[in-house]
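Take a look at the structure set out below.
The values are calculated or read from the model by the stated rules, or taken from the named source; none is laboratory data. It should be emphasised that the depicted structure is a prediction, and the values quoted were computed from it without experimental measurement. Glycine gets a Cβ as well: all are built from the backbone with ideal geometry, and neighbour counts include every protein chain shown. We work out accessible area using only protein heavy atoms, side chains counted, and drop any ligands, DNA or RNA first. Shrake-Rupley method; radii C 1.70, N 1.55, O 1.52, S 1.80 Å.
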Amino acid sequence: MNIDRFWDVIESVRSAAAEADDPLDEGLVKQLANETKQEVLEYAERFDELHDALYRWDVWAAAYLIGGGCSDDSFMDFRAGVIALGREWYERVAAAPDSLAGHPAVLQAVNARDRSGACQVK
């Protein structure tokens, strides 16, 4: 699975989940269940590459500021959440993590009283 196909999967699942008001992760599981084993493995490879590319101090700093702290485990979730936002937001964050300050979910999270889950961008 090339990178364009990976992002197509993410975008189609995001769209379907939004229409049905379903969790993105459930839609992704359903989508990947219909793929070949090879496609699933290649999806996982692309995911790992993108996930690992965000393992940087500047990205962690953004997660920390958004969440009022961010543990190792929460940072793993945060990076997965950035991928789940789609290609456009992923590329923005990879280029400039502070750009997340303009995302509606982040604005909502930082204005919430309990920011314990804010490190997990959705």
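Charge tally around G102: other residues with Cβ under 15 Å, Lys/Arg +1 each, Asp/Glu -1 each, net -2.
Ignoring ligands, DNA and RNA, what percent of the 1.4 Å accessible area of the chain is carbon and sulfur? The value for the chain is 52 percent carbon and sulfur by accessible area. For the chain, adding -39500 (n - 2.57) for each run of n ≥ 4 DSSP H residues and dividing by the number of residues yields -21500 deg cm²/dmol at 222 nm.
With all protein chains kept in place, the per residue accessible area of the range 28-113 amounts to 59 square angstrom at a probe of 1.4 angstrom.
For the chain, the relative contact order comes to 27 percent (Cα pairs under 8 Å, sequence separation of at least 6). Accessible surface for E88 stands near 110 Å², nearest 10, in the context of the full protein assembly shown (1.4 Å probe).
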